[in-house]
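Participant: Quick one: this structure, given as structure tokens, is what I'll be asking you about.
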Amino acid sequence: MKFDSKKLQADIPMLFGALGFFIFINLGRAEYIHMIDGLILLVTYILLLRFILVSHKEVYVGHEIVGVGRRSLWQWTGLFIFSALMLAVGAELLVHGVRELFINEMQLDERFVGFTFLALAANLPEHLAAIRAAMKGNGEIAVGNAIGSSSQAIYLILGLLIVLSPLLEEPLPTHFDVIYLATFAVSVLLMEVVVSDGRLTWFEGWVFIIIYVLASASIYYS
């Protein structure tokens, strides 16, 4: 599958920046992540939006709109808010169900459950959207979804969690398991190699799957 690698020129540096963030946080002497770190992530995310929607709009925003129905802005806004609320309720039920089934009943390790079952289920919409786009030959949407969802989770969601955690009196720790850092580092490096030529092959997909399986096994047996 071919895709325009120019449309990913901001996503790859974002992932490398996130990797550096986690490495420096993990090597630091602080016990908890400071609120300023979360603010830095949020500001970086805002700058990314400006990069995509303003300064480099011609690269990211297409001029053709396909498959958009005749609905007003208020209708689309209402649909978006309703979907977001349903997603929030579904996320709450998902986390509760995963904890009861895999942790309380099956006695599996929380790290393993979070890395596998919870991560796969929570990101199911992104997975299905990327697969559907790939089946229709939309390489930019498929690859951009896979990479962009990771950047958004780190800079926007994690940034908000870091900022809000002191207010909730639950600050996030700075030291992560080395398996997580290693998996993230290998994934980012592989992604850089894969997207540089603007083509995806089945063998590259196989390598990613093997990395994920090995990382899951390492977390399970540790």
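Listed here are the residues, each with its yes/no results for (1) under 23 Å from ILE103 (Cβ atoms); (2) hydroxyl-bearing (Ser, Thr, Tyr).
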position: LEU120; (1), (2): yes, no
position: HIS127; (1), (2): yes, no
position: ALA142; (1), (2): no, no
position: ILE154; (1), (2): no, no
position: SER218; (1), (2): yes, yes
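Participant: Is it the case that ILE162 is of a type in the set (Val, Ile, Thr), within 18 Å of GLY17 (Cα to Cα) and either out of contact with any Gly (no Cβ under 9 Å at 6 or more places or on another chain) or surrounded by 15 or more Cβ atoms within 10 Å (Cβ to Cβ) (or both)?
Facilitator: On the way: of a type in the set (Val, Ile, Thr): yes; within 18 Å of GLY17 (Cα to Cα): yes; either out of contact with any Gly (no Cβ under 9 Å at 6 or more places or on another chain) or surrounded by 15 or more Cβ atoms within 10 Å (Cβ to Cβ) (or both): yes.
Considered against the rule, which asks whether it is of a type in the set (Val, Ile, Thr), within 18 Å of GLY17 (Cα to Cα) and either out of contact with any Gly (no Cβ under 9 Å at 6 or more places or on another chain) or surrounded by 15 or more Cβ atoms within 10 Å (Cβ to Cβ) (or both), ILE162 comes out as yes.
Participant: Tell me the residue from ILE46, ILE12, ILE40, ILE23 that is among the β-branched types (Val, Ile, Thr), under 18 Å from the mean Cα position of the chain (by Cα) and buried (at least 17 other Cβ atoms within 10 Å of the Cβ), please.
Facilitator: On the way: ILE46 fails: buried (at least 17 other Cβ atoms within 10 Å of the Cβ); ILE40 fails: buried (at least 17 other Cβ atoms within 10 Å of the Cβ); ILE23 fails: buried (at least 17 other Cβ atoms within 10 Å of the Cβ).
Exactly one residue qualifies, and that residue is ILE12.
Participant: Taking segment 121-140 as the region of interest, how many residues are in contact (Cβ under 8 Å) with a residue 12 or more places away in the chain, over 17 Å from TYR212 (Cβ atoms) and either among the aliphatic types (A, V, I, L, M) or not in a helix (DSSP H, G or I) (or both)?
Facilitator: 4
Participant: If you scan segment 167-206, which residues turn out to be under 14 Å from ILE147 (Cβ atoms), under 17 Å from the mean Cα position of the chain (by Cα) and small (Gly, Ala, Ser)?
Facilitator: Once the filter is applied, which keeps residues that are under 14 Å from ILE147 (Cβ atoms), under 17 Å from the mean Cα position of the chain (by Cα) and small (Gly, Ala, Ser), segment 167-206 yields only SER187.
Participant: Also: Which one of these is of a type in the set (A, V, I, L, M, F, W, C), crowded, with 18+ Cβ neighbours inside 10 Å and either in contact with a Phe, Trp or Tyr (Cβ under 8 Å, 6 or more places away or on another chain) or under 13 Å from LEU15 (Cβ atoms) (or both): VAL194, VAL186?
Facilitator: That would be VAL194, the only listed residue that is of a type in the set (A, V, I, L, M, F, W, C), crowded, with 18+ Cβ neighbours inside 10 Å and either in contact with a Phe, Trp or Tyr (Cβ under 8 Å, 6 or more places away or on another chain) or under 13 Å from LEU15 (Cβ atoms) (or both).
Participant: Let me ask something additional. Of ILE179, ILE157, which residue is under 21 Å from ILE209 (Cα atoms) and either surrounded by fewer than 18 Cβ atoms within 10 Å (Cβ to Cβ) or of a type in the set (Gly, Ala, Ser) (or both)? Show your work before the answer.
Facilitator: Numbers: ILE157 fails: under 21 Å from ILE209 (Cα atoms).
Just a single option satisfies the conditions, and that option is ILE179.
Participant: Next up: For segment 176-222, name all the residues that are at positive phi and in a helix (DSSP H, G or I).
Facilitator: Step one: filter segment 176-222 for residues at positive phi, giving 198.
Within segment 176-222, no residue meets the criteria.
Matching residues to (1) out of contact with any Leu (no Cβ under 6 Å at 6 or more places or on another chain); (2) modelled with pLDDT of 85 or more; (3) of a type in the set (S, T, N, Q):
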{"residue": "ILE46", "(1), (2), (3)": "yes, yes, no"}
{"residue": "TYR60", "(1), (2), (3)": "yes, no, no"}
{"residue": "GLU64", "(1), (2), (3)": "yes, no, no"}
{"residue": "VAL95", "(1), (2), (3)": "yes, yes, no"}
{"residue": "PHE102", "(1), (2), (3)": "no, yes, no"}
{"residue": "GLN107", "(1), (2), (3)": "yes, yes, yes"}
{"residue": "ARG111", "(1), (2), (3)": "yes, yes, no"}
{"residue": "GLY114", "(1), (2), (3)": "yes, yes, no"}
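The values are calculated or read from the model by the stated rules, or taken from the named source; none is laboratory data. Note that this is a predicted model, so its numbers are computed, not measured. Using ideal geometry, Cβ is built from the backbone for each residue, glycine included, and neighbour counts are taken over all protein chains shown.
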